[in-house]
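The values are calculated or read from the model by the stated rules, or taken from the named source; none is laboratory data. On a predicted model such as this, the values are computed, not experimentally measured, just so you know. Heads up, the Cβs are rebuilt from the backbone with ideal geometry, glycines too, and the neighbour counts pull from every protein chain shown. Note: areas computed on protein heavy atoms with side chains; ligands, DNA, RNA excluded. Shrake-Rupley method; radii C 1.70, N 1.55, O 1.52, S 1.80 Å.
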Amino acid sequence: MTSHTHADDADEARSWAGDFDPLGDVDERRVLFSAFDSFRQYRRTAHQNTTHRRRQAFYALPSAYWQMLAEPPFSLLDNFNKVDDRIDVNADIADAIVTTGLSSFGLSANPDPSDPTQNWHGVATSADVNKAHSTIRQFYRDWSAEGHAERDVCYGPVLRDLEREFPDRASGENYISVLVPGAGLGRLVFEICRAGFAAEGNEISYHQLLASSWVLNHTAGPQSHELYPFALHFSNLNSREQQLRKIMIPDVHPGTEMLEAQASNADFGSMSMSAADFVVLYNGPSQKDAFNAVATVFFIDTAPNLIRYIDAIRNCLKTNGIWINVGPLLWHFEDGHQRNHSGEGSRNSDDGQSRGIGEPGSVELTEEEVFLLIERMGFTIEYRQPVEERAECGYIQDPESMLRPLYRPSHWIARKNKS
């Protein structure tokens with residue numbers, strides 16, 4: 001499916017358009033409905049799995065123990081109530097994602113239970129619900145001021161590389177086109193657009209697509225929505241204040257930024273999002289030689305078969321175009337099952353669809369082997385950041401946590417050869 005969302009279009013119909021109707025395909029409809037239902041279930045499942053379960057375990061303690069912990073200075077029962085309040089705030093975002101998404105697809109919030117082409121209630125699996133939970137937390141990384149440190153390590157190099165490669169991008173009649181596979185919640189796509197490029201994001205996960213559409217097109221303004229990204233976590237805490245910390249999203253409002261750029265005659269590019277399997281769409285003739293640059297961030301290790309990704313990038317990239325990569329090599333399909341960068345859910349796929357055309361097999365390569373493969377397949381590696389110069393960053397990581405898993409993402413630039 002190829003669909004688009006535009007930050008510079010006022011109509012509701014902007015959110016989803018294309019020549020493929022996901023509601024007309026049984027498998028596609030099932031995945032979409034599962035995403036809707038998982039966000040609908042966020043409130044109930046978060047209360048059930050977070051506080052209800054803990055209250056049961058708390059009252060199972062000997063009565064003298066739980067009574068002591070229920071009183072000040074511990075007040076653990078009061079803290080459960082505070083967590084419940086914050087779950088409800090997070091759930092308001094999940095509900096907003098559902099509301100705007102249903103409107104975009106012309107679906108009812110209360111569908112006819114007897115009509116499988118319309119009834120999206122009760123279809124989500126526990127894996128789908130986990131994806132909804134991790135997607136809500138991902139707003140911390142991509143759309144909060146507090147997530148800037150993670151973004152700067154991962155998105156900063158891409159923006160600097162693009163500006164260095166295309167210093168005169170505003171002087172021509174056409175925008176320099178940049179593709180961002182695995183675009184997630186759309187922040188890098190937006191930043192590339194704000195820098196004056198024609199940015200196209202690609203994402204296969206309906207969880208990510210629905211959430212990115214909401215934050216790009218439907219948020220009320222900057223700092224207009226509360227989020228408690230770590231309220232549901234009870235381990236490795238220094239204090240309850242840490243657990244209950246509030247952030248505000250989005251830190252920048254796409255619509256406001258666009259209007260301010262227009263008012264000041266600042267160069268502001270364009271942006272779109274395609275909802276499709278990256279390998280299938282961008283390895284086809286319609287996308288051949290379509291982009292001046294491709295930027296992959298925390299993406300290439302989502303491939304079972306990296307050769308398929310390289311094929312697609314080579315196909316859609318213009319000759320002499322550049323491929324910028326930032327990210328680790330946490331191969332998502334190692335050990336025969338999907339993993340992800342944040343430790344919850346699946347970042348770039350729904351129901352295994354990131355396998356592209358669905359062929360079997362997978363392979364895990366070292367970084368040196370990745371470089372050799374890329375050069376074997378028609379690219380020249382022009383820049384490789386030395387290991388000792390790589391910055392560390394988390395992935396949706398609480399900076400105050402006692403446990404801080406950190407990446408040292410690789411950063412390199414490859415150019416497509418003339419031949």
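Anyone know which of Trp66, Trp331, Trp120 comes out most mobile in the 10 Å Cα GNM of the chain?
Per the Cα network of the chain with a 10 Å cutoff, Trp66 tops the list.
How far, in degrees from 0 to 90, does helix 254-263 lean away from the longest principal axis of the Cα atoms of the chain, to the nearest 10?
The helix 254-263 is inclined about 50 degrees to the chain.
Under 16 Å from the 7 Å Cα→Cβ point of Leu259, by amide nitrogen: which residues of the range 200-221?
216-221
Given the whole protein assembly as supplied and a 1.4 Å probe, what does the accessible area of Tyr65 come to in Å², nearest 10?
130 Å²
Could you tell me the extents of the range 112-177's C-alpha atoms along the three principal axes, largest first, rounded to whole Å?
That works out to 58, 33, 17 Å along the principal axes.
How much area per residue is accessible in the chain when the probe is 1.4 Å and only protein heavy atoms are counted (Å²)?
Values: 18080 Å² over 419 residues.
With the other protein chains kept in place, the chain gives 43 Å² per residue.
For the range 66-117, compute Rg over Rh where Rg is the Cα radius of gyration and Rh is the Kirkwood radius from the inverse mean 1/r over Cα pairs.
Dividing the radius of gyration by the Kirkwood radius yields 1.35.
Got a number for carbon plus sulfur as a percent of the range 211-272's accessible area, 1.4 Å probe?
After summing per-atom areas, the C and S share lands at 47 percent.
Leaving out ligands, DNA and RNA but keeping every protein chain, what accessible area does Thr125 have, in Å² rounded to the nearest 10, with a 1.4 Å probe?
Ignoring ligands and nucleic acids, Thr125 comes out at about 70 Å².
What ranking of Arg187, Arg40 comes out by heavy-atom accessible area, probe 1.4 Å, highest first?
Solvent-accessible surface, decreasing: Arg40, Arg187.
Restricting the calculation to Cα positions, tell me the Rg (one decimal) and the Dmax (whole number) of the chain in Å.
Rg then Dmax for the chain, in Å: 22.0, 77.
If you only keep lysine pairs separated by 8 or more in sequence, or across chains, how many in the chain come under 15 Å at the Cα atoms?
Lysine pairs meeting the criterion: 6.
With the calculation restricted to Cα positions, what are the radius of gyration and Dmax of the range 138-291 in angstrom?
17.2, 56
Can you pull out the trypsin sites (Lys or Arg not before Pro) in the range 80-144 that DSSP calls coil and that have at most 12 other Cβ atoms within 10 Å? If you can, show how the numbers build up before the last one.
On the way: sites: Lys82, Arg86, Lys131, Arg137, Arg141; in loops: none.
Answer in residue order: no site qualifies.
Are there any trypsin sites (Lys or Arg not before Pro) in the range 237-302 that are in a DSSP loop and have at most 10 other Cβ atoms within 10 Å? List them by number.
none
When the chain is treated as a GNM, springs tying every alpha-carbon pair under 10 Å, which of Arg43, Arg376, Arg194 comes out with the largest mean-square fluctuation?
In this elastic network of the chain, the residue with the biggest mean-square fluctuation among Arg43, Arg376, Arg194 is Arg376.
Which order, highest average first, do 247-259, 308-320, 208-220 follow once you tally other Cβ atoms within 10 Å for each residue and take the mean per peptide?
208-220, 308-320, 247-259
On a 1.4 Å probe surface of the protein chains, which of Glu150, Glu400 comes out largest in accessible area, and what is the full order?
Correct descending sequence by accessible area is Glu400, Glu150.
Over all directions, what mean area does the Cα convex hull of the range 16-72 project, stated in square nanometres?
The directionally averaged projection comes out at 6.3 nm².
Using only Cα positions of the range 77-210, each an equal point scatterer, no hydration layer, compute I(q)/I(0) via Debye at q = 0.10, 0.12, 0.21 Å⁻¹ and quote the log10 values to two decimals.
Each listed q maps to, in turn, -0.49, -0.66, -1.29.
Over the heavy atoms of Glu146, what accessible area does a 1.4 Å probe trace out, to the nearest 10 Å²?
The accessible area comes out at roughly 90 Å².
Per residue and in cubic angstrom, what volume does the convex hull of the Cα atoms of the range 267-340 have?
Convex hull of Cα atoms, per residue: 120 Å³.
Given the options Ser270, Ser104, Ser114, state which has the largest fluctuation in a GNM of the chain using a 10 Å cut-off (strictly under) for Cα springs.
Ser114
Below 11 angstrom from the Cβ of Ser75, what's the summed charge of the other residues (Lys, Arg +1; Asp, Glu -1)? Display every interim value, and only then the final one.
Working: positive: Lys82, Arg240; negative: Glu71, Asp78.
Once positives and negatives cancel, what remains is 0.
Please report the Cα spread of the range 38-155 along all three principal axes, rounded to whole Å, starting with the longest.
Extents along the principal axes, in whole Å: 55, 46, 21.
Using helices alone, I'd like the mean residue ellipticity at 222 nm for the chain: each DSSP H run of four-plus residues gives -39500 (n - 2.57), total over residue count, nearest 500. Write down the numbers at each step before the final one.
Details: 15 runs with 160 residues, N = 419.
Only helices count here, giving -11500 deg cm²/dmol.
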